[in-house]
Amino acid sequence: MLNSPSRTALMAAAARAAHRTIDRSPVIFSDPLAQALCGAHADALIGYHHAHGAHPVLAGARVCATTRARFTEDRLADAVEHGITQYVVLGAGLDTFAYRSAGSAVRVFEVDLPATQEWKRQTLREAGIAIPDNVVFVPADLAAGSVTERLEAAGFDPSRPAFTAMLGVSMYLTSAALGRILETVGRWAPGSELVMDHLLPEGDRDDAGQAYAAAVQTAAADGGETWRTFLTREEAAGLLERCGLTVLEQAGVRASVDAALWERTDALRPLELPVLTYARLGRERPGPAA
């Protein structure tokens, strides 16, 4: 039997899956394939949400996983309308966009460790979920830095604008590795766009964010996934701008989705810990697709 993907990848998928069945309307983000991608771990992980769903850590996990997915895919959809046809998912884990969007004209490059990709392929097969023709798996270790050569070998064209997502990744990289990845994106075609999340340092968090971080950081480290990098909003913006990316938007959890989605009667509440940053190479984007 293949090894499982990272604990954090499984936890994020389980949180997206649990949101569909535990939390009351309004739905922040619906991922009907997330449960299947959890494979043999699905019953235990999602069942834990059902048994203890109001616990701040579990509710916080669902908040973070769903808001970052909604924020990213909303901006991806807008980018596609304006002609972008390449989507690079750095640290793809158990992301399901490509399998929920079969028939899309966007070519999806999923970048992750070879073992994670092998497990994902097998889990997709076992679940009867076809891998669309527009999906390309690119095995790479983001901690090693630049991934352009591996992407180009897989058919990625850096001379054409691309949309890149890097979610749940920056905190596990050293600041040097993160800088190398962003420098790589900064050398792609003008009009390329990026959504990246990062974690705020301790002094910038609210009480809920600090409590969530204290619990999750310890669990992540125990699983061999240590949080290494924290950035203020200003530090993140400065890093992106040094790599040639113009910051268009920075949003904490509350501001990352429509305000109406916080009119809730369940356990989901915004917290100050992750920040989503949306940036573009150059201020202008390509015109709408014909």
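The values are calculated or read from the model by the stated rules, or taken from the named source; none is laboratory data. Because the structure is predicted, anything quoted here is derived from the model rather than measured. Reconstructed Cβ throughout: ideal geometry from the backbone, glycine too, with neighbour counts over all protein chains shown. The accessibility values were calculated without ligands, DNA or RNA, using every heavy atom of the protein model including side chains. Shrake-Rupley method; radii C 1.70, N 1.55, O 1.52, S 1.80 Å.
Before moving on, here are some points about what is shown:
- Prolate/oblate/rounded call for the chain, Cα gyration tensor, a/c under 1.5 rounded: rounded
- The simple Förster model, with R0 at 22 Å and r as the Cβ-Cβ distance, assigns SER159 and ALA77 a FRET efficiency of 0.40.
- Angstrom value of the Kirkwood radius, inverse mean 1/r, which spans all Cα pairs in segment 1-51: 11.1
- Over all Cα atoms in segment 211-290, the spread is summed up by Rg and Dmax: 16.7, 51 Å.
- Counting DSSP beta bridges with both ends in the chain, the antiparallel % (nearest 5): 45
- Projected label distance in nm at SER25 and GLU183, using a 7 Å step from Cα toward the beta-carbon: 5.1
- Per principal axis, descending, Cα span of segment 1-160 in whole Å: 48, 39, 31
- Under a Gaussian network description of the chain, with springs only between Cα atoms under 10 Å, the residue in ARG107, ARG264, ARG75 that fluctuates furthest is ARG264.
- Over segment 113-220: Kirkwood hydrodynamic radius from C-alpha pairwise inverse distances, Å: 16.4
- Counting only protein heavy atoms and a 1.4 Å probe, the chain has 43 square angstrom of accessible area per residue.
- The fraction of accessible area contributed by carbon and sulfur in the chain is 50 percent, rounded to a whole number (1.4 Å probe; ligands and nucleic acids excluded).
- A cut-off under 9 angstrom between Cβ atoms defines the neighbours of GLN86, and their net charge, with Lys, Arg +1 and Asp, Glu -1, is +1.
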